[in-house]
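Undergrad: Sharing a structure here in structure tokens format.
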Amino acid sequence: MKLSVFILLFLFSTSVYSHGGRTNSEGCHNDNAGGTGYHCHDTEPSSPSTPTVPVPEPKPDTTPGSYPVASQNTQILRGEFNETPSNYTDKTANLQCVNTINGAYDLEVALSGDKFCITALEESAEECTEYSGKFSFITRILTVFDIKVGAANYQAGLELDNTSKCFNLFYSRHKAENHQASVDYDRDLWGRWIDEDRDCRDTRDEVLKIFNQNSGTNESCDISAGLWLDPYTATEFTDSSDLDIDHIVPVGFAHGHGAANWSSTLKQQFYNDIENLLPVSASANRSKGDRSPIDWMPDNTEYHCTYVDSFLYIVDKYHLDLSDVQREGIQNRCLN
């Protein structure tokens, strides 16, 4: 198949899956320093740069007495993979067996200016048991597991730019070192709640609507009353002002694990990703802060394994950089 067809496959799949669930995030209303023009009640929406495809509204388990669980997309590659090293020479990287939800691909990317552009791409001829990287159609992220540059081995993350049809390198780290964010964390750069479908409800209210066990109170734009079961404390709430919308994987945690140099569009997507949001008590949300399950777990022990799975799902969805020790430490919190 010709190169242009493969590039179109990547770009088309990106536009289809990039909004694979309404975006959402925590309950602060910060200004969007990225300037993407999203609208939050008091701003006029701008036309999105990439066409979106309607998706079914998430249907989490919210039957009376059940603990809320954020929805998950089956199109996400979960867990770790057997890795095979690749090489970067003469400003070109050859990547064999890049794992995607549509199968494995071999590709070549070459440095052009400050971007990496696809110069060759085809389906892997043989069945892959080891992979040089993985690509997500939902987030447009290509993660290279182990690439040799000179005498050193690196892990790298690249984000596909729909306009240039090339990748931007947003992070790299020496394989022997832990990732360190290259820029200071600024919450304002991650955006704010948006009203993606323009139904008068921003992301916060969409989350309140989804998890409201009293559906009769969902008619207004501003959902202030209802019945919510906080899975972190096993406490019921009837006034939404007592609730925060918690990022299961905190924004600050993502920033420190490979996301610091994402584009403003991808940061906005993460900030508003419904699959990463839960309505919880304000006190529980604020006690958690930006910590992972290694350092913080909900008081409700019955929810521990669900919380760990939800956390690692978002880590995998956005290809966040976790060491083997960190991943094992998080998984073990389900056992304790």
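The values are calculated or read from the model by the stated rules, or taken from the named source; none is laboratory data. Because the structure is predicted, anything quoted here is derived from the model rather than measured. Glycine gets a Cβ as well: all are built from the backbone with ideal geometry, and neighbour counts include every protein chain shown.
Undergrad: In the stretch 161-204, how many are charged (D, E, K, R), surrounded by fewer than 17 Cβ atoms within 10 Å (Cβ to Cβ) and over 22 Å from residue 320 (Cβ atoms)?
TA: 4
Undergrad: Just to be sure I understand the filter: pairs with C-beta atoms under 9 Å, separated by 6 or more residues or on different chains, first member in the stretch 310-336 and within 19 Å of residue 247 (Cβ to Cβ), second member part of a helix (DSSP H, G or I) and among the acidic types (Asp, Glu). Which pairs pass?
TA: Pairs that qualify, where the first residue is within 19 Å of residue 247 (Cβ to Cβ) and the partner is part of a helix (DSSP H, G or I) and among the acidic types (Asp, Glu), are 310/275; 313/275; 314/275; 317/275.
Undergrad: Any idea which of (1) in a strand (DSSP E or B); (2) surrounded by fewer than 21 Cβ atoms within 10 Å (Cβ to Cβ) is the one residue 158 doesn't satisfy?
TA: (2)
Undergrad: Considering only the stretch 169-185, state which residues are within 27 Å of residue 113 (Cβ to Cβ), of a type in the set (D, E, K, R) and part of a loop (DSSP other than H, G, I, E, B).
TA: Scanning the stretch 169-185 gives 175, 184.
Undergrad: How about the stretch 171-192: which of its residues are more than 15 Å from residue 267 (Cα to Cα) and touching a strand residue (DSSP E or B) at 6+ places or on another chain (Cβ under 9 Å)?
TA: 172, 173, 174, 175, 176, 179, 180, 182
Undergrad: Of all the residues that make up the stretch 140-166, how many are over 20 Å from residue 179 (Cα atoms) and modelled with pLDDT of 95 or more?
TA: 3
Undergrad: Of everything in the stretch 206-263, what is among the polar types (S, T, N, Q) and assigned to a strand (DSSP E or B)? Give them in sequence order.
TA: Once the filter is applied, which keeps residues that are among the polar types (S, T, N, Q) and assigned to a strand (DSSP E or B), the stretch 206-263 yields 235, 238.
Undergrad: Also, quick follow-up: Quick one: what pairs do we get from the stretch 150-170, first residue aliphatic (A, V, I, L, M), second modelled with pLDDT of 95 or more and not in a strand (DSSP E or B), C-beta under 7 Å, 6+ apart or different chains?
TA: Note: pairs meeting the criteria are 160/140.
Undergrad: Need the failing condition index for residue 119 against (1) more than 19 Å from residue 170 (Cα to Cα); (2) free of Cβ contacts under 8 Å to residues at least 60 places away in the same chain; (3) in contact with a strand residue (DSSP E or B) (Cβ under 6 Å, 6 or more places away or on another chain), just the number.
TA: (2)
Undergrad: Moving on. Would you point out the residue of the stretch 294-336, among those that are part of a loop (DSSP other than H, G, I, E, B) and under 21 Å from residue 260 (Cβ atoms), that is nearest to the chain's Cα centre (by Cα)?
TA: 318
Undergrad: Restricting the search to the stretch 103-134, which residues are surrounded by fewer than 16 Cβ atoms within 10 Å (Cβ to Cβ), outside any strand (DSSP E or B) and at pLDDT 95 or above?
TA: Residues satisfying the conditions are 129, 130.
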